[in-house]
Amino acid sequence: MTDAPLSEEEKRLLLRLAREAIEAAVNRRPLPPLNWETLPPRLREPGATFVTLTRRGQLRGCIGALEAYQPLAEDVREHAVAAALEDYRFPPVRPEEVPELKIEISRLTPLQPLEYENPEDLLRKLRPGVDGVVIRDGFRRATFLPQVWEKLPDPARFLDNLCMKMGAPRNLWRTKKLDVFTYQVEEFHE
């Protein structure tokens, strides 16, 4: 992600692309083709996003990528569809639910390794409300976007829950040195 934030027009366009992709996929129609010539240049650049769907204030799906591997506009469309249809925590979104969905897009900065000495040092170095956090133990990994700090403001509870999300014991971060990475997001929503 470049340092400069997206313009309001670019954000509106990405939200529209996400909604169009969800509507098409949920109704089993092909996604509308992207007109690359008319897309703003920054939406053609590689970008990593998470798309979060809520319905009536409750999480309905959230899927994304931690690293950029495709143009930003395509990344948003892919993860919007995946959040609607492939989040294992929820049944696929039904067509009648689509009008009630609220879409949130989080555009990620590149991951940065977080060096720390021990569990107390890790707690001190985390920046609640600022950093998204990735933990990795071998082949297992999990992430929480910075927005999760709103529900889990205590760093120890945040890490406990992140370990459980990874499928590990909640206190693994206290007993074993994990690979930890941080990132920030530019978040916008409908």
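The values are calculated or read from the model by the stated rules, or taken from the named source; none is laboratory data. Small disclaimer: the values here were computed from a predicted structure and weren't measured. Heads up, the Cβs are rebuilt from the backbone with ideal geometry, glycines too, and the neighbour counts pull from every protein chain shown. Accessible surface is based on the protein model in full, side chains and every heavy atom, while ligands, DNA and RNA are left aside. Shrake-Rupley method; radii C 1.70, N 1.55, O 1.52, S 1.80 Å.
Over region 36-173, accessible surface divided per residue gives 51 Å², non-protein components excluded, 1.4 Å probe. In this Cβ point-charge picture (+1 for Lys and Arg, -1 for Asp and Glu), the chain has a dipole of about 680 debye about its Cα centre.
Exposure check, 1.4 Å probe, all protein chains in place: residue 125 carries approximately 90 Å² of accessible surface. Of the GluC sites (Glu not before Pro) found in region 22-86, the ones in coil according to DSSP and having at most 11 other Cβ atoms within 10 Å of their Cβ are 37, 67.
Size check on region 55-190: the Cα extents along the three principal axes, sorted descending, read 49, 28, 27 Å. Evaluated at q = 0.17, 0.19, 0.29 Å⁻¹, the base-10 log of the normalised Debye intensity for region 36-102, with identical point scatterers placed on the Cα atoms, takes the values -0.62, -0.73, -1.15. Given 5 Å bins starting at zero, what is the percent of C-alpha pairs of region 1-124 in each, up to the one with the largest pair distance? In whole percents, the pair-distance histogram is 2, 11, 20, 21, 16, 12, 8, 5, 3, 2, 0. Label point of residue 9 set 7 angstrom out along Cα-Cβ; within region 30-52, amide nitrogens under 17 Å from it belong to 35-45. Once the dipole of the chain is set up with Lys and Arg at +1 and Asp and Glu at -1 on Cβ about the Cα centre, which of 171, 185, 81 lies farthest towards its positive end? So the residue furthest toward the plus end is 171. Counting protein heavy atoms only, region 1-157 has 54 percent of its accessible area on carbon and sulfur, 1.4 angstrom probe. Mind pulling the angle between the C-alpha long axis of helix 8-26 and the longest principal axis of the chain? Nearest 10 degrees, somewhere in 0 to 90. That helix lies at roughly 80 degrees to the long axis.
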